[in-house]
């Protein structure tokens, strides 16, 4: 029987494991916990390359070698271990193991929302976004379209003044950014990866901001208005209701 | 019964390297009473004499592995030696020796101890760099390299170079009998030490984060996000680099590449413009271009320009700044100007930028041999190069990301409290942040815009032009095989040039034009 070169076998398995992990993240969409949808084709490419290297190593596993290094496998094992740990910590593993169900408040928002709206903002012209109800002058912002609605409303505020806006996010009321009686329900915007997360959301006026806890998930409903300040003016939602909700299904929103 | 099996010491080296002499010298130091069998696969310049059991095998190439194994096994069974010394033919690939010695019939009667490469020190590294060199194949499979005719300084240089080619090898001077005896007797602990060091560093980093009250799950998430963003581009860069290394000859590059300085730099810019790659990918490609003889100023221009001016970066800048084409244009033009000036700083560089002569010319994968002694096919060379380079730079990528993650967690990106710095202060601050945060060039536009919201646009432009060219991650990536001198020079020159270019542009009205 041919003897197996254990070092080469270990290398082949490590390459194949990492390639398979990237493939699973890509196919299931869970890669979006770390990087944006724009990265998807590159991830497929990386997964294919790693699998090819895995096959190449496995084909050589009967090739005898005297020097059998292992320390170089750290290059593969560190990401494998961290991705495994992170999959448990972030809930990716649960999501992979349990079938999706429509229970999130964001899905409720989607169901409750009105029809489609065609964007006019320069960069996203003709993009369809949802939750628009012109008859009742109401917008129920679906969670994954938070960024696009923000862009559209900030670029064309006059179109939406007086509309009732419903949006969700995590409470941000840091004193460095918010004056008394104001806060934002923010979503984390990812432009490239988790290293560049940035909070985005409408500034809201609310009478009982003190009762809100930082980072708690809330759904805000209120009227869009322009607040004139001493030197400038800014868009705000005059919040009528702020209710606690379960966390959004997707952890982040994406610029493109 | 493993304890009673004789140990094999296999000695490799080119013709006239001194293999027989080395074996003879070692035999004189073997304790009395030990029976030694010497199997010589080639005729040495000196004959083995005395009480030693001696089997010459001259007709290796005409015999099958099975026949050779049977001959050796029969000799071992018949003579019952304590130690077996094998002098391998310098014209045959070591892979065949390893295949023979790992044959089940031989493993039953003896065990492989050390493989020793005996070599002349003068011109050794240059010989390793010669494409098709058997020396490299021998080196990749040996435990100990015994070097002749070198002084201490030369030995240090060789040790440093070898450690980058084959981490397990111990280089010893021919005269150092004590160390030779010591190494032949004890197992190599390099591997364990290296693994332990990496593990300790990881634990220390986690401990440091914990002590600083920084969320470890968030740190891991940031680390993985950056890694997942970088690894496809690194693989793409390594693939391009491998294709260049294996399929494009240095002659072709020299023929096609413009001979004059300006033409070469324009070629570098054009190449950067065409390649949708981020900074992680441009470094391996840069390295391959220099290895293939592209002039350093042109290659530096390519490396610094590509991450700033490629289409993906332009598009992401366009989106980040709300469709402001002036910002995109300013970033591209200032990036090109800075890259050309940075390239010019390397016109007079004559010394190698690589840590050893070997890196400057060739690579181990191109000297891969099958057991038949034929060079591997181009496809195998391509995959081997790809694999070797991934392992070589992959560890530096991990280290770079770990360091930049640490800075991101410690520093954050909130600079709103520092809005009174003025143009110079804010530019310096933003450029240092770009260096430390090591963001991907395809995403830094949004971060730069938001982070520098309270600063003059010149500061943001400094971030956008300098960040993709040079950051902590790239510097650590470069340290895989480039000299400290080159790395320090390019880091300082890039910083100063980018600062100067953006500052002058600001004085000339950049801010007004972009407003």
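The values are calculated or read from the model by the stated rules, or taken from the named source; none is laboratory data. All values reported here derive from a predicted model rather than from experimental measurement. Quick reminder, even Gly has a Cβ in these numbers, built from the backbone with ideal geometry, and neighbours come from all protein chains shown.
Tabulated data for the structure shown
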| item | result |
| --- | --- |
| Residue under evaluation residue B:146, criteria (1) assigned to a helix (DSSP H, G or I); (2) modelled with pLDDT of 85 or more, criterion not met | (1) |
| Members of region B:316-339 that are under 32 Å from the mean Cα position of the chain (by Cα) and surrounded by fewer than 22 Cβ atoms within 10 Å (Cβ to Cβ) | B:332, B:337 |
| Any hit, region A:232-246, residues being within 14 Å of chain B (Cβ to nearest Cβ), surrounded by 15 or more Cβ atoms within 10 Å (Cβ to Cβ) and in contact with a helix residue (DSSP H, G or I) (Cβ under 7 Å, 6 or more places away or on another chain) | no |
| Extreme residue, farthest from the chain's Cα centre (by Cα), among residues of region B:113-126 that are buried (at least 17 other Cβ atoms within 10 Å of the Cβ) and assigned to a helix (DSSP H, G or I) | B:124 |
| Search result, residues across region A:42-51 that are over 12 Å from residue A:11 (Cβ atoms) and more than 7 Å from every other protein chain (Cβ to nearest Cβ) | A:44, A:47, A:48, A:51 |
| Test for residue B:279: is it exposed (fewer than 15 other Cβ atoms within 10 Å of the Cβ), more than 11 Å from every other protein chain (Cβ to nearest Cβ) and closer than 24 Å to residue B:472 by Cα | no |
| Among the candidates A:56, A:62, residue that is surrounded by fewer than 17 Cβ atoms within 10 Å (Cβ to Cβ) and more than 19 Å from residue A:194 (Cβ to Cβ) | A:62 |
| Criterion violated by residue B:167 - all others in (1) over 24 Å from residue B:381 (Cα atoms); (2) outside any helix (DSSP H, G or I) satisfied | (1) |
| In region A:120-139, the residues that are assigned to a loop (DSSP other than H, G, I, E, B) and without any contact (Cβ under 8 Å) to a residue 24 or more places away in the chain | A:125, A:126, A:127, A:134, A:135 |
| Boolean, residue A:39 is within 9 Å of chain B (Cβ to nearest Cβ) and more than 30 Å from residue B:93 (Cα to Cα) | yes |
| Residue satisfying condition, being within 25 Å of the chain's Cα centre (by Cα), away from every other protein chain (no Cβ under 14 Å) and buried (at least 22 other Cβ atoms within 10 Å of the Cβ), within set B:347, B:248, B:300 | B:300 |
| Residue among B:306, B:250, B:281 that is within 22 Å of residue B:345 (Cβ to Cβ) and either in the same structural domain as residue B:493 (by TED's automatic domain parsing) or in contact with a strand residue (DSSP E or B) (Cβ under 8 Å, 6 or more places away or on another chain) (or both) | B:306 |
| Residue count, region B:457-492 (criterion: touching a strand residue (DSSP E or B) at 6+ places or on another chain (Cβ under 9 Å) and surrounded by fewer than 23 Cβ atoms within 10 Å (Cβ to Cβ)) | 4 |
| Filter result for residue A:40 (without any contact (Cβ under 8 Å) to a residue 60 or more places away in the chain, crowded, with 20+ Cβ neighbours inside 10 Å and assigned by TED's automatic domain parsing to the domain that holds residue A:79) | no |
| Boolean, residue B:216 is within 14 Å of chain A (Cβ to nearest Cβ), more than 25 Å from the chain's Cα centre (by Cα) and more than 30 Å from residue A:69 (Cα to Cα) | yes |
| Subset of region B:98-112 (residues that are assigned to a strand (DSSP E or B) and either more than 10 Å from every other protein chain (Cβ to nearest Cβ) or within 15 Å of residue B:13 (Cα to Cα) (or both)) | B:111 |
| Unique match (being more than 14 Å from every other protein chain (Cβ to nearest Cβ), over 27 Å from residue B:355 (Cβ atoms) and not in a helix (DSSP H, G or I)) among B:84, B:72 | B:84 |
| Scope region B:371-396; condition at pLDDT 80 or above and at the interface with chain A (Cβ under 9 Å from one of its Cβ atoms); matching residues | B:380, B:383, B:384, B:386, B:387, B:390, B:391, B:394, B:395 |
| Selection count where residues are at the interface with chain B (Cβ under 7 Å from one of its Cβ atoms), in a helix (DSSP H, G or I) and more than 27 Å from residue B:200 (Cβ to Cβ), scope region A:53-89 | 2 |
| Set A:198, A:177, A:254: member being touching a residue at least 40 places away in the same chain (Cβ under 8 Å) and within 14 Å of chain B (Cβ to nearest Cβ) | A:254 |
| Filtered residue count, region B:437-456, keeping only those that are part of a helix (DSSP H, G or I) and surrounded by 24 or more Cβ atoms within 10 Å (Cβ to Cβ) | 6 |
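Residue-wise test of (1) touching a residue at least 24 places away in the same chain (Cβ under 8 Å); (2) over 22 Å from residue B:476 (Cα atoms).
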position	(1), (2)
B:251	no, yes
B:254	yes, yes
B:268	yes, yes
B:271	yes, yes
B:282	yes, no
B:286	no, no
B:294	yes, yes
